[in-house]
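The values are calculated or read from the model by the stated rules, or taken from the named source; none is laboratory data. It should be emphasised that the depicted structure is a prediction, and the values quoted were computed from it without experimental measurement. When we count neighbours, we look across all protein chains shown, and the Cβ atoms used for this are built from the backbone with ideal geometry, even at glycine.
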Amino acid sequence: MSDLRADVLEWIDAGRLPPDAAEKALRIAGVMPSRGDWRLFFDRLCLWLGVVFLAAAVIFFFAYNWQAMGRYGKFAAAEAPILIACLAAWRFGLDGVAGKAMLLLISLLIGALLALVGQIYQTGADTFELFAAWAAAILPLVLLARFSALWLFWIALLDLALVLYCQTFGWFFRFAFDKASVWWMLFCLNTLALCVWEGFASAGIEWLRERWATRVLAVASGATITALALWAVFDFEKEWLGTLPAYLAWLAAAYFGYRHWKRDVFVLAGGVLSVIIVVTALLCKALLSHTHDSGSAFLFIGMAVLGMSTVGAMWLKSVAKEAA
Amino acid sequence: MRSMTSQQLWQQLAELSLAEGEMPPASEARSPWYIRLMQGIAGWIGALFLLGFVGAALAFLVRSPSALAVTGLLVCGSAFFIFSTASRNDFAMQFGFAASLAGQTMFLFGQAEALRLAGAESFVVAALFEALLAAVMPNFIHRVASSWAAMAAFGYAMQLKGAGEMAPAIAAAGVAAAWLNEFRWPKRHDVVRPVGYGLVAALLQVEAFDFLAYGFWGISHFHGGAPWRPATHYAGALLTSVVLLGATLKLLRREGIAPGSAAGAASIAAAVALGCLSMIVPGLTAAVLVLVLGFSLGNRILVGLGLLALAAFLSNYYYQLQATLMTKSMALASSAILLLSIRVAMKAKWPLRAEGETTHA
């Protein structure tokens, strides 16, 4: 869709297509929606917004912590929508979009119910147990749904549980958890999820082939290893032995994976940005702390950043052109 | 969506006498949005180091606000010259972008210091300056960044004057004006499109004011305690609703649907209902507007930004102080029931054809 749109816009800009023909050309290309497309769009918009708003309404309601309402009333208020959504999912079936929306709704409402348990029995609302239990409780639904967004939501719950776990027990297991441990664990979790996802998608599971979901995981994986690499650069004595080889291995894997195996310029662009950031940090460490002429160092690093981004963009454009 | 290659599309256009001759080759300058985003972020990093250079090597400039402002203007002028004369040189364009960002920072800090401007006034000057740059700088990424900065600065000025809740409405009006007229001024495509993207980015930012105002700029809610704040809340909601209604009417006309027909009346009723809801659920209408505009133009980037705006709206809504969580819960539940009822009514009145028949992404 976007390529044909870009083609039409470029032809108009180049004067090869009259500007007043833009809409007609985009319709012929199937870029602009037909009436049937509009109908489907509004159907999906109402469904997904309705479901998310309903879940948010329940979560907001329990966050208000209405004192006048007894605990059994609150449990009934949390469980009744879950029951209704279960019945609706059974009625709609799990293959259609409405059934998947109901599974998403149930997954969100289970979180509200678990938070309510924490609120009433004072187990704490932000502890890792809440998110870990939430992830465990909805796993069967996630498996049933065959729905990318729900899988991503599940992985995000695991990420959150992991962060809260490290925050809660970090002081206790200080010998095991240094500051970077949580980042390492997040990196491992998201990278594992990305590899498994890509593996199953390549094995022929159609609904896993949506690129946006793997791109989200790739961003999570790349952002955490880049953060670790920055940490290693600025804490050179302690961290670099483990981190920089891991970072280089991640870059090499991303290059071969998304340049040669599955071409995805989005991930490659993220890799280029990551290299620019890490090399800039290395240059800062090397030049700014050992020179009296910081002006020249700033100018050199600035020009290096611009040079790297220019070469990177030229390479990415050439890869994108091959893909086209 | 029909599966079609560029060549097939060109042939169809030629058969309709809309195009002539061979299909032009794809431009060398074409660049997917994520490459441009990478360049934009790298440009910002480069600009920070150029500013570091100015601070360290040209410290005498920093000590003289007027000289700093004038030098900043000269740097921006040089960037304009680079964009105008070296548009095929990638490094020159990237350097021009970073230099201009550094120049803008120098000018804005210098003039604010020299004229002793502070608070809302300095943000208004920044907004005007950035708007001027968005209009004149012949570079896509620069125009996106400048129009974003212009609207965000204007939004912060409004926040400081207690009218922050009007800012998303003004950004939404700008977004609609740009994208509904994408093909109206063929000679100004190079301005309209980047400004449209910049305004959407600014809309996202001003929607999330409650986070950003605290975190980045230290603007507290006390500035929002002006007596006219409640009025601006409703004025903002009303303006966004009018914009959504206007966009709906324009899209109906484009699709050849009479407003009096069943589909037209239903669309108008939905826009009005959303407008009424926006009085108690601010932010929802603007996010839906971006989503609808993106879908109407087949623009996936806009659709993605519209979804982000919806997420920003929900997170922001949780923290807004004008209503209790109970009221917000009721408002969301009412919205959900309305939306799901509309879906049921649509299914009854206009049943969907078989799944897959209408497969527009």
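The table below lists the values:
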| read-out | value |
| --- | --- |
| From B:L50, B:L37, residue being more than 7 Å from chain A (Cβ to nearest Cβ) and among the hydrophobic types (A, V, I, L, M, F, W, C) | B:L37 |
| Filter result for B:L68 (in contact (Cβ under 8 Å) with a residue 40 or more places away in the chain, surrounded by 14 or more Cβ atoms within 10 Å (Cβ to Cβ) and touching a helix residue (DSSP H, G or I) at 6+ places or on another chain (Cβ under 9 Å)) | yes |
| Selection count where residues are touching a Leu at 6+ places or on another chain (Cβ under 8 Å), part of a helix (DSSP H, G or I) and either under 30 Å from B:L13 (Cα atoms) or of a type in the set (D, E) (or both), scope region A:27-45 | 4 |
| Evaluation of B:S341 against (1) at positive phi; (2) more than 20 Å from the chain's Cα centre (by Cα); (3) of a type in the set (G, A, S) (one fails), failing number | (1) |
| Entirely in region B:1-80, the helices (runs of 4 or more DSSP H) that have 3 or more residues that are over 17 Å from A:D7 (Cβ atoms) | B:33-57, B:59-63 |
| Unmet criterion (only one of (1) free of Cβ contacts under 8 Å to residues at least 12 places away in the same chain; (2) assigned to a helix (DSSP H, G or I); (3) farther than 18 Å from B:L239 by Cβ) for B:A177 | (3) |
| Residue in region B:217-232 that is over 20 Å from B:A309 (Cα atoms), over 16 Å from the mean Cα position of the chain (by Cα), of a type in the set (V, I, T) and modelled with pLDDT under 70 present | yes |
| Selection count, region A:113-156, where residues are more than 21 Å from A:E198 (Cβ to Cβ) and in contact (Cβ under 8 Å) with a residue 40 or more places away in the chain | 7 |
| Number of the condition not met by A:G30 [criteria: (1) at the interface with chain B (Cβ under 7 Å from one of its Cβ atoms); (2) at negative phi] | (2) |
| Enumeration of residues in region B:27-56 that are under 17 Å from B:A201 (Cα atoms) and in contact (Cβ under 8 Å) with a residue 24 or more places away in the chain | B:W33, B:R36, B:Q39, B:G40, B:W44 |
| Single residue of B:S334, B:S315, B:S329 found to be under 15 Å from A:I59 (Cα atoms), more than 9 Å from chain A (Cβ to nearest Cβ) and small (G, A, S) | B:S315 |
| Leading residue by the ranking (surrounded by the most Cβ atoms within 10 Å (Cβ to Cβ)) among those in region A:46-80 that are modelled with pLDDT under 85, in a helix (DSSP H, G or I) and facing chain B (nearest Cβ under 7 Å) | A:A63 |
| Residues within region A:279-295 that are in a helix (DSSP H, G or I) and either more than 21 Å from B:F97 (Cα to Cα) or more than 7 Å from every other protein chain (Cβ to nearest Cβ) (or both), tallied | 10 |
| Flag if A:A253 is among the aliphatic types (A, V, I, L, M) and more than 30 Å from the chain's Cα centre (by Cα) | no |
| Filtered residues of region B:24-34 (kept if more than 24 Å from B:A99 (Cβ to Cβ) and more than 8 Å from every other protein chain (Cβ to nearest Cβ)) | B:P25 |
| Residue that is modelled with the highest pLDDT [pool: residues in region A:1-17 that are assigned to a loop (DSSP other than H, G, I, E, B) and either surrounded by 19 or more Cβ atoms within 10 Å (Cβ to Cβ) or facing chain B (nearest Cβ under 7 Å) (or both)] | A:L17 |
| Meets criteria (without any contact (Cβ under 8 Å) to a residue 60 or more places away in the chain and facing chain A (nearest Cβ under 8 Å)) for B:S6 | yes |
| Only one of A:A223, A:A313, A:A218 that is surrounded by fewer than 21 Cβ atoms within 10 Å (Cβ to Cβ) and aliphatic (A, V, I, L, M) | A:A223 |
| Subset of region B:126-146 (residues that are among the aromatic types (F, W, Y) and at pLDDT 95 or above) | B:F129 |
| Residues being away from chain A (no Cβ under 13 Å) and either in contact with a Cys (Cβ under 9 Å, 6 or more places away or on another chain) or hydrophobic (A, V, I, L, M, F, W, C) (or both) - total across region B:77-102 | 3 |
| Filtered residue count, region B:119-167, keeping only those that are within 21 Å of B:L297 (Cβ to Cβ) and either surrounded by fewer than 23 Cβ atoms within 10 Å (Cβ to Cβ) or not charged (D, E, K, R) (or both) | 7 |
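Listed here are the residues, each with its yes/no results for (1) at pLDDT 85 or above; (2) hydrophobic (A, V, I, L, M, F, W, C).
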| site | (1), (2) |
| --- | --- |
| A:A133 | yes, yes |
| A:A136 | yes, yes |
| A:S148 | yes, no |
| A:W154 | yes, yes |
| A:L162 | yes, yes |
| A:W171 | no, yes |
| A:F187 | yes, yes |
| A:L217 | yes, yes |
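The rows are residues; the columns are (1) closer than 20 Å to A:A223 by Cα; (2) part of a helix (DSSP H, G or I); (3) more than 10 Å from chain B (Cβ to nearest Cβ); (4) not hydrophobic (A, V, I, L, M, F, W, C).
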position: A:P245; (1), (2), (3), (4): yes, yes, yes, yes
position: A:Y258; (1), (2), (3), (4): yes, yes, yes, yes
position: A:I277; (1), (2), (3), (4): yes, yes, no, no
position: A:A304; (1), (2), (3), (4): no, yes, no, no
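So that you can scan it fast, the table gives a plain yes or no per residue for (1) free of Cβ contacts under 8 Å to residues at least 24 places away in the same chain; (2) closer than 24 Å to B:F313 by Cβ:
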{"position": "A:F42", "(1), (2)": "yes, yes"}
{"position": "A:L45", "(1), (2)": "yes, yes"}
{"position": "A:W48", "(1), (2)": "no, yes"}
{"position": "A:V51", "(1), (2)": "no, yes"}
{"position": "A:I59", "(1), (2)": "no, yes"}
{"position": "A:Y64", "(1), (2)": "yes, yes"}
{"position": "A:G73", "(1), (2)": "yes, no"}
{"position": "A:A76", "(1), (2)": "yes, no"}
{"position": "A:E79", "(1), (2)": "no, no"}
